[in-house]
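Novice: Below you will find the structure I want to go over with you.
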Amino acid sequence: MKKIVYAIVAFVMIAMSGTAHADVLNLGGNYSQIASLVNPGSGVVARSEGGGSIETSYLDGRKLDYLYCVDLFTTISPGSYSSTTVNNQAEIHGVAVKNADKVAYLLEKHGTGGQGDQAIALQAAIWHEIYGAGVYDLNYTGSTATTINLYEQYLTEAVNKYGDVSKFIWINPDYATGAMKQGLVTSSPNPEPSTYALLGIGGLFAAFRFRKSRIASAVSA
């Protein structure tokens, strides 16, 4: 019995540690250039922002379904980031992401890979939710009619909707070294390793109770 307990405890420790930290982020080189109106603090300017689903990207060797930017004013480039921290609390650089629950809702409903209108509109809507009107808006002049319609649809949908931020992985490339790069968000694997761990603990507890019950019955007989 002790061997089983030790094995399950070891499994739980490994599984839980896997959800707390990601050693390597490999950032893909495919992304979209999004026509944007941005106010970096000195007035609104029209410029092209790189974003959308950044592909093909891997987190600890797991290929990501999609990857979106949640940190507009920090730069990052395609490549490998060996000291990356992750969390499920919607924190980037130790600060809670504004309107993260609305971002989570948009990702739950419209999260997609590729470089099409949907990904572009979703990225623009994410930035708008985080930074607000006057800091970030889609530039209608440089966008397609489809992108504009989707962008407006997503913002309207999110007005009274809230998603579960814990369903997503909020990524801080190189945050562990202090060389902070652009914060990112992706979907969590389903189920999480921690779910398996909890199932293992539950199974161990049930087996222990069953064995204890049988011993008690044998003694009373």
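The values are calculated or read from the model by the stated rules, or taken from the named source; none is laboratory data. None of the values given here were measured: they were computed from a predicted structure. Note: ideal-geometry Cβ built from the backbone for every residue, glycine included; neighbour counts use all protein chains shown.
Novice: What number of residues within region 49-71 satisfy the criterion of being closer than 20 Å to L150 by Cα and hydrophobic (A, V, I, L, M, F, W, C)? Write out each step before concluding.
Specialist: In the first step, residues of region 49-71 are kept if they are closer than 20 Å to L150 by Cα; the result is 49-54, 66-70.
Applying the additional criterion that residues be hydrophobic (A, V, I, L, M, F, W, C) yields 54, 67, 69-70.
Residues in region 49-71 being closer than 20 Å to L150 by Cα and hydrophobic (A, V, I, L, M, F, W, C): 4 in total.
Novice: Return the residue satisfying two criteria in turn: it lies in region 57-91 and is of a type in the set (D, E) and not in a strand (DSSP E or B), and of such residues it is nearest to V103 (Cα to Cα).
Specialist: Applying the first criterion (of a type in the set (D, E)) to region 57-91 yields 60, 65, 71, 91.
Subset that is not in a strand (DSSP E or B): 60, 65, 71.
Numbers: D60: 24, D65: 16, D71: 12 Å.
Ranking the qualifying residues of region 57-91, first place goes to D71.
Novice: So, one more: So, of the residues in region 21-56 that are of a type in the set (S, T, N, Q) and not in a strand (DSSP E or B), which turns out to be modelled with the lowest pLDDT? Give the derivation first.
Specialist: Taking region 21-56 as the starting set, the residues that turn out to be of a type in the set (S, T, N, Q) are 26, 30, 32-33, 36, 39, 42, 48, 53, 56.
Adding the requirement that they be not in a strand (DSSP E or B) leaves 39, 42, 56.
Numbers: N39: 97, S42: 93, T56: 97.
Restricting to residues being of a type in the set (S, T, N, Q) and not in a strand (DSSP E or B), the top hit is S42.
Novice: Which of the residues spanning region 129-143 are loosely packed, with under 13 Cβ neighbours inside 10 Å and of a type in the set (S, T, Y)? Break it down into steps so the answer makes sense when it comes.
Specialist: Residues of region 129-143 that are loosely packed, with under 13 Cβ neighbours inside 10 Å, as a first pass: 133-134, 141.
The one that is loosely packed, with under 13 Cβ neighbours inside 10 Å and of a type in the set (S, T, Y): T141.
Novice: From T156, T186, T141, grab the single residue that is modelled with pLDDT of 95 or more and in contact with a Gly (Cβ under 9 Å, 6 or more places away or on another chain).
Specialist: On the way: T156 fails: in contact with a Gly (Cβ under 9 Å, 6 or more places away or on another chain); T141 fails: in contact with a Gly (Cβ under 9 Å, 6 or more places away or on another chain).
Matching residue, one of T156, T186, T141: T186.
Novice: Shifting gears a bit: Determine whether I148 is aliphatic (A, V, I, L, M), at pLDDT 95 or above and assigned to a helix (DSSP H, G or I). Write out each step before concluding.
Specialist: Working: aliphatic (A, V, I, L, M): yes; at pLDDT 95 or above: yes; assigned to a helix (DSSP H, G or I): yes.
Against the criterion (aliphatic (A, V, I, L, M), at pLDDT 95 or above and assigned to a helix (DSSP H, G or I)), I148 qualifies.
Novice: Working only within region 65-104, note down all residues that are small (G, A, S), under 16 Å from I126 (Cβ atoms) and either in contact with a Lys or Arg (Cβ under 7 Å, 6 or more places away or on another chain) or touching a residue at least 40 places away in the same chain (Cβ under 8 Å) (or both).
Specialist: Quick first cut of region 65-104, residues small (G, A, S) only: 77, 79-80, 82-83, 90, 94, 96, 100, 104.
Pick out the ones that are also under 16 Å from I126 (Cβ atoms) and you get 90, 96, 100, 104.
A90, A100, A104 - these are the residues of region 65-104 that are small (G, A, S), under 16 Å from I126 (Cβ atoms) and either in contact with a Lys or Arg (Cβ under 7 Å, 6 or more places away or on another chain) or touching a residue at least 40 places away in the same chain (Cβ under 8 Å) (or both).
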